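Okay, structure first, notes after.
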Amino acid sequence: MNAIVVVAENLSEFDVSQTTDQTVIDLQSTDFELFQLTPQAAVDLGSLSRRWKELQAMTHPDRFASRGDSAARVAMQYSIRVNEAYQRLKFPISRFAYLCELNAVPIEAERNTAMPLEFLTQQMQWREELEEASSISELETLQEEVDELKSKLELDCIKAIDTKADFLEASKIVRSMMFVDRFQIDIDKKADLLDRN
């Protein structure tokens, strides 16, 4: 019987022998390596989810409870690592940002707030529309515009990364996507406010 070997520093007690496959989990792996995916912007979410469930089954702390506190703590570290990687890869913005960072182009959204004038003008117009919105139907119209831009930005970022390997361009798109996501939160808050009134 082959073993699933979970690699950790000085933690050989974390070997598992519940499968016929030989799988190595290395905390130093990239998220893509961990999930056995090609590092690209377009990801098959079904494959990602299946692999996450496999990794969760292998690393769940309850499987190691009988081996003592040390093994359970190590299992918890691995489980946390698997969950963090899954969350990063599951959502487009975090996946795109991660790919940029892997390719030495950090997003730096806090320090680099430069946006194209056309994008900023649109954001200002949306802010005004949001402030003036007095009904759910007005918010729904605004939401349709936001959803359309989100889809366009996502496709543009996939093209920038997967087709052009232009991570600088992708980082600019990611910053725009982050801006739109924050605006989405404001739309949701306004919708809640209108629902209560």
task: Please work out which one of (1) at pLDDT below 90; (2) within 21 Å of Met178 (Cα to Cα); (3) surrounded by 15 or more Cβ atoms within 10 Å (Cβ to Cβ) is the condition Ile107 fails and give its number.
output: (1)
The lone exception for Leu120 - which of (1) of a type outside the set (Ser, Thr, Tyr); (2) free of Cβ contacts under 8 Å to residues at least 12 places away in the same chain; (3) surrounded by 18 or more Cβ atoms within 10 Å (Cβ to Cβ) it fails: (3)
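Would segment 27-37 turn up any residue that is over 30 Å from Asp162 (Cα atoms) and either surrounded by 14 or more Cβ atoms within 10 Å (Cβ to Cβ) or at pLDDT 95 or above (or both)?
Just the residues of segment 27-37 that are over 30 Å from Asp162 (Cα atoms), to begin with: none.
Within segment 27-37, none of the residues are over 30 Å from Asp162 (Cα atoms) and either surrounded by 14 or more Cβ atoms within 10 Å (Cβ to Cβ) or at pLDDT 95 or above (or both).
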task: Those residues that are among the aliphatic types (A, V, I, L, M) and under 14 Å from the mean Cα position of the chain (by Cα), I need them from segment 38-66; list them, please.
output: Ala41, Ala42, Val43, Leu45, Leu48
query: What is the number of the single condition among (1) more than 26 Å from Leu48 (Cα to Cα); (2) touching a residue at least 12 places away in the same chain (Cβ under 8 Å) that Glu138 does not meet?
result: (2)
message: What's the number of the only condition in (1) loosely packed, with under 14 Cβ neighbours inside 10 Å; (2) in contact (Cβ under 8 Å) with a residue 24 or more places away in the chain that Tyr78 fails to meet?
response: (1)
task: Please enumerate the residues belonging to segment 62-104 that are at positive phi and modelled with pLDDT of 95 or more.
output: Ala104
query: Residues in segment 51-61: is at least one farther than 30 Å from Asp186 by Cβ, surrounded by 14 or more Cβ atoms within 10 Å (Cβ to Cβ), assigned by TED's automatic domain parsing to the domain that holds Ala41 and touching a His at 6+ places or on another chain (Cβ under 7 Å)?
result: no
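The values are calculated or read from the model by the stated rules, or taken from the named source; none is laboratory data. Everything numeric in this text was worked out from a predicted model, so none of it was measured. Cβ sites come from the backbone with ideal geometry, for glycine too, and all protein chains shown count toward neighbours.
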